[in-house]
Every structure is written in structure tokens, then in C-alpha cells.
1. Using 7 Å Cα-to-Cβ label points, what is the residue 261/residue 915 separation (nm, one decimal)?
2. Rounded to two decimal places and with Rh computed the Kirkwood way over Cα pairs, what is Rg over Rh for the range 130-191?
3. How much length is gained if the chain between residue 514 and residue 377 is pulled fully straight, taking 0.36 nm per residue apart and subtracting their Cα-Cα distance, in nm to one decimal?
4. Can you give the helix-only mean residue ellipticity at 222 nm for the chain, where every DSSP H stretch with n ≥ 4 adds -39500 (n - 2.57) and the sum goes over all residues, rounded to the nearest 500 deg cm²/dmol?
5. Taking N as the number of residues in the range 557-669, what is its alpha-carbon radius of gyration divided by 2.2 N^0.38 Å?
6. What's the FRET efficiency of residue 726 with residue 780 using the Cβ-Cβ distance as r and R₀ = 25 Å, to the nearest 0.05?
7. For the range 881-959, I need the span (max minus min coordinate) of the C-alpha atoms along each principal axis, in Å, sorted largest to smallest.
8. Test of understanding: ordering 629, 892 by Cβ neighbours within 10 Å, fewest first, what list do you get?
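Nothing in this text is a laboratory measurement; each read-out follows from the coordinates by a stated rule. Every value quoted in this text rests on a predicted model; they were computed, and no experiment measured them. Quick reminder, even Gly has a Cβ in these numbers, built from the backbone with ideal geometry, and neighbours come from all protein chains shown.
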């Protein structure tokens, strides 16, 4: 065969193996320089967002006039999965989710065309902003504060932003950078005296404030640009604009009739660190950017900036995400190095010095070659891929152990070293290749898991695929050449090795043989015992003794407190509450026994916004009655106080301001798919009924131990004043549109101009003075019809009041309310909470009493989709393993014997999770697929040895006994090397390890059962198969005497 000739060529050639090894190292080092370091794998977002502003519009107006017309257009889009729309006061946000793998460039063009086709948008609405959402990862947050004016802080913030973008930072999102406005406030009496409206003054400002090119003036010698430039960019320049004039030359300037001043726009987000205003810069990296290098660049620039900035200007870093990357990468590197040392120790004990060295040297060589492949397809070094590399330690040495152990056995039986290495490579190539194929068959179907979960775990099978391929190349094309010399130069064994080998031989021929003989004699009882253990494990899962936590994430260092007053509450109330949250957090720090700054590293308050960690409100939503206080605690590994304990202390210290409707404390998850632990979706009824159902569901959830941060996304809004034009108003020449426009101009302002200045755009608004608003001011407001008739508002319209909602969410054109909650994983799981809601009749009560439809979204929905994909992946994996085994053994029944060990890996995994206090998770299921491949690999080698003994004429029982004795050493070695390779992660105390510890638990405890399963259970099953075969032959023999006389007489 060509494969055998290649194996012999590389085993005999003096330099071919070393040259191939050098090539693998060279490409690996090159690939290593191209791999980015980051926390989690990159993923794509098939999402498009549309943002529309309509100042002054109510939530219901936004829904009916903006969102609903767009939804009708979106029905024609291809590959559209879902449409999420949210209407706020004066704003609409629509998110379109497309099918996984859609062509998003085409989708963006289609969405822009659909929005452009809507012809019924209100005239006052601003231009829709349509953008493709791209996944980015936080690098860090920069907070700039100090005793400076707002304009000075803005200047410093823009300077830092521009410099970081020039140095390669992907994007920076800024908060607390309040937009400025130029306001022209004209009293109502002045308007009536001059017979003007706010809209007319705005139009005159727009006509007078110009900056337009006038063409080119060409002469014989020179060309000149003609330009008309009289644009007012400041309050003083606006005041010089002419409003009225007469033929005598008298002029009335804007400053004569109006108060003109620059101020911050209403409802803008304001941040404070201590007593000073601050601006936040959220620095992010895009796909393909190394997190750690990006963070180093940010810190380097900030050191330069601080050296020249005023000493009172504070530029502070917090939520440094790159630090988490560094911590987790270092954690995996340290534990990987520890596992490698343990693997080397096991190899040295079983194989001796020289063979162990060349087996071990295959680990870094295979790793480097795998990294070359990872870089070639755009993978990165992250938590998932690095754990896959650690898992690969066992896979790499398993292949090499089988070859080197067989070569050592041949050499000890008198075969020369060179021939022993060649024969070992040739004999072991088919079963090792089959074992590698089964491992690939177990892992690669994980790629069938899609959506966000699939994006996170996909790098595990891909990385392991490269590791397995590199291991095969190193094991059969590089290792045999080195074994030729290692075996011949091994020298006389040390005394301890002689004693170890003699002791192991006595164990194999004595205790192990007696145990296996007993098990074979009691084979039915042995198999029944194994089956009972499996059923007991399944029962423990079914009865809830072992929970399922879909995607556990390590504890974050960030803690938040969201609050909201009654809509319409003055901004000053929110500012007071933010200050109280800051005071109480410091009091909580002292109550827990910490000095100032020991537990709380950083704190910042924000007014007119909330953090989206709870619920589904976008971060950009702003309203004066909202606020949030953000705290960064000391790193989790350096403090004894956990987030839950700090939050409880914070709650005890706080003095709740009167009028606070909601106060929610929570910590943000740092990994995994989006969504809350529990998200209950209500739809199919009126807003009032859905609100009542949401209150009922939230009340039930709040009473469940371990459930906190309960909220719904249908908050009550401001009290609305509805204007309905009367017949008398219509008779005076007023129209509903004209009335609405004049009232809007009075309260929101008539837009006169947009003036670019520095890095921002100033709006010039003409409106009534601030004293005008209020119900009394509204009733005294005068309107003027197109015919010049002036009348008080109350003579033109009827006023009535109602209370609406400040936010309305829709999914696929249907109104929807979401009740969300977070879960404390030390007390319960989302699955247990959902199951309790169903068993206790909460779902039925909501359906029957409130008439709403109920669905679970968020992580529950992600979990359902991921488990469905996992079931498909498991079926594909099992089918692929069977096909490989049927090809290897050339039989249909033998693969079933080998695969019968797969379910028992679950026994070890369940026992391990119970022992360490972990719930099963998605990572546990992924590891179970990999464990199936490893168990099958050992079984393949055993069954191959048994078949070889059978082919030599041995009876079945002797072949089973001799095959198990022969494979005892390599099975123990392969299991032990894989176990010790990941054991350091199992006992890692860092919080950063919690994400991958379920993988380690499944592998360690599952492989701990591998030797008894492979060396005892499989022989017993094969012996039972022999019994069935004999029983079948006996039955056929008993029938033959009856059939033979009939044929003879015939």
C-alpha cells in the first residue's frame, strides 16, 4: 500500500522526519504571530437596526405612524427571521434579524429600499438611520472627569477619541457628551404684537443664515471662488440677524425680541464621578483585532496624554475587558503547563526516558502545526480554542503512546530497534487512523449547532481537528525515525524502572487477570451492574438532583443599580437619587469591613439613562426620570465578598427617594449568548391586560428564592394631554395638522438650522420661554390660523388627559411585553424556575385570567434551539462513528459492541458534576461528544487485539483475556495522560476557570471510568455476544436433523 511505503520511507530516511518537523515548527511559529488573543471567539450578527427620531411624538404616535408602515414593507424581505420594534417617546428603534448565514450586504440594500418606499412618514420626522450591526468586543472604558466646564471636557474627550482612532482602535462609543442647542426664546406677547409665529421666525433665520458657494469667477490671469457666507454659529451672531425692517431703514434684530443662549439639549444623558461631570468613552475592538495589543495601545497613549494634561483632569480606566482576556489566557497557560508536566511524568514512568521524550516532543510540534491551520482559517486564541489545545494534549500522546508502546514491546521481545519502529507504525496505523476518525466524527458535528451558541463553541471542534491531523502526521512520519535510535540507545533500565515493570507485570497477571476472569464468568451480572449505574445516573437527572445551567458565566466585577421615577418627574430627583446610590455604595463598602477603595475600585452615576443588563431597553434610551449607578469591584479572585453579598449590603444602606417606582440591582454577565436567564413573553391582548399579566408574573418570580432583578418592559408613561379640534376651531380656519405644529413648536421648538461646530452639530430652535410650558401655559397659548385669525388654544380644541406607556415593544408586528429576571446559579437554575411556573399553574393562570399568549425567550429560547441542534449533532456523530467502525471491522454488529460504552461516559460526568457542585451545562454536553470518541478509541484498540488473537486460533475467552492483558498498559496510559492533562483546570480556584470547568469535569470523570469500561465491560459484552452466537448455532443444529431426512426421502 502507498501508506505503508510512505511510513517505511519516513521511518528509514535519516533526515526526512526532521525536515518535516522543522516545517511544522516554522509554519506554526508564523501562524502563532497571526493569531489574535481575545476572550471569546468572534461571531457574526445577521442584524440591521433602524433608528428614527420624531421629537415630541408620543409612544403611540411613533407606533402607528412610524413603526407600523415600516413593518408592512418588511414583510416582502427575503431571509428575514424576526422584526423587533420598540417605540419610545420621540423615537423608534427597529431591529431586523435575518437567517443565519444570510448575505447581509444585500439585506442592507433591501432594507434601505423598503424604508425609502414608506410615503406616509410624518413631515417633522428626522431621516431614518439604517445601519448593519457588527459584533464588537469591549476593550475598556475611559472616564474623563474633573472641575472643568462641559465644553472643556468635550474638547479633551474629542482629542482622546481622535488620537485613539488614529492609532488603530476600531470604534469608540461616547456617553455623557450632551448635545448643545442654540435656543431662541420669544415671548408669546411679542409674537402677537409683531403678528409672527415661531415657525415664521425660524424660516427667517434659515433664510438669513447662509453658507453657500456661488460658483467660479474666471479672468485672464486668475480664477476666484464666489461664496455667500453669513452663517450664524454663535448666540451673538444669531442675535445680529434681521427679523423685520421697513422702507425707512429701521431694522428689528433677533436679539431685540428674543433671549438667545446655548444650552444642553433636553433629556440628554449626564454622568458624574463624585461631584464632577464626566464623559465616558467605551473603547471597542472589531473582528480580527488582538484585545491585548489594543489595550496596550490605549494605555500607552493615555500615559502620554496624562503627562501633558492638567493635574486636576482625571482620566480613569475601568471595566478593562482586556484584563479578563489576560487573566484567562494566563490561567489556561499555567494550567496547561501544569498538565503537560504531569503528562511527561506519566510518560516517563511507563515508557522510560528517551521514548517518553520523543513522545512528549510531539505535543509542542503538533500544537504549532495546529496553530498554523487555525491562523489560516481565521481562528483566534480564546477560552474555547485554548481549552481545545489542552484537551489535545491527551489526544496527541494517545496516538504516540500506542505506537511507542507497541514498538517497545517488539523491541523487548528481540526485534531490532529500527524494525520495531517500522512494524509498530505499520501495525498501529489502521486502528489509530480509525480512532482519529471516530474522534473527528464525535467533535465535528458540533458545527451543526448554530445561532450564538454555535458561534461560541465552533472553535472547539475546528481546533481539535487541526490537532488530530497534526498528531497523525507527527506520530507516523516523524516519531518512528526518532524511535529507531531511542530504543537502541535506551541503555540498561534503572533499578526503580525494573521494580515498576515487575510490579506492573504482577498486577496484570495477578489481580487484574483474576478480576477479569471473575467478571467474564459473571458477565451477565457485570453488564447488568453497569446498566443499573447508567439508569441511576439518568434518574438523578430526571428527579432534579442535578440541574442544567445552559451557559454558566463567571462572575463579573461590575455591579449596577437601575432606577426609575414616575414618568414626568423632574431631572433633579434623578440627580439626587444618583448621589444617594453613590453614598450608600461607599457605606456598604465600610459595613463589609473594607477601607475606602479596597472593595470599590470605581463608581460613576448616570442620569437620564439605564443600563440594558436587565430587560431589553437599548442603552441609547434617555429620559429624565431614569438613572443608573455603576460600580467596579475589586477583581473577583482578590476579594472574598461576592457580588450577591455586596448587593445585599448596598440595599441595606440605601435610603430610597420618594417617588422611585423601580430600583433594580444586578451584575452583568461576561460571556455567553445574549438575553436574560428568564424572559417571559406575553402577547395577544390589550396593553392594559398584558401589563396586568406582567405584574402578576413579576410578583410570582420575585418570591422565588434565587430570582432577582425582575422587571418588565412596559413602563407607564407620562400623563398625555390629547388635543381634539372643535367645530368652532375648524370654522376659524384651523386644521388638526396646523394646531399640532404650532403646539409642537411652542414646546419642542421650531427647527431653524443645523450648525456644524467642531465635532458636533448644533440645532437652532425657536420656541417659547421655559416658563411657558405647563397646563396653565398650554391653556393660555394663542394659535394663529392661515387666514390670520388668532385665538386661545381652548377655543380651538378640547383637552382631555390619559396615561399611556413610555415604551411599547413589538415582535413581527405583534405587541409584546417581556418579563425578565436574573438567576443566582448557586440557588437555582432557569430550567427549574420555568418548570416550577408550569407545575404550579402560573402559566395557566396567566392564559386564562388575562387572555394572553405566553412564550419563553432569551436564554430559554436559545437553550431550546441549541439542544435541538445538539440532538442533531449527536445523531450525526453516532452515525459517523458507526460507519467508521463498520469500515474498520468489516462487520455490522461489532461496531455496536464498541459503541455500547458511549452511554456510560454520562455516568462519570454526572458523578463528577455532583462531586464538584456544578450543574450540567452546554459545555458538559459538548465534552460528552468528545468523550464518546475517546472511549471508542480505546475500545477499537482492544477489539483489534482480541480479533488478532482470534485469528491466531485462540478460543474466545482466551482471546478476550489475552487482548485485555495486552492493552492494559496503553489503555491506562492514554486515560491517565488525558486526565492529568486537564486535571489542573479542575482544581483551579480562579473564577475565570468556571466557564471551562464543566468540560474538564466531564472529561476527567468520564475517562476515569474508561479502563473498567474498556477492559472489563467490553470483554463481557463480547463474551455475551459469543454466547448468543453459540446459542444460535445450537438452535440451527437442532433444526437440521428434522430437515435432513425430509431431503433424503425426497
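1. 7.2
2. Numbers: Rg = 17.6 Å, Rh = 15.1 Å.
Result: Rg/Rh = 1.17.
3. So the extension gain works out to 44.1 nm.
4. Numbers: 37 runs with 550 residues, N = 1050.
Computed ellipticity for the chain at 222 nm equals -17000 deg cm²/dmol.
5. On the way: Rg = 13.7 Å, N = 113, 2.2 N^0.38 = 13.3 Å.
The range 557-669 yields a ratio of 1.03.
6. 0.90
7. Cα spread of the range 881-959 along its principal axes, largest to smallest: 51, 26, 15 Å.
8. Working: 629 26, 892 10.
Fewest to most other Cβ atoms nearby, the residues stand as 892, 629.
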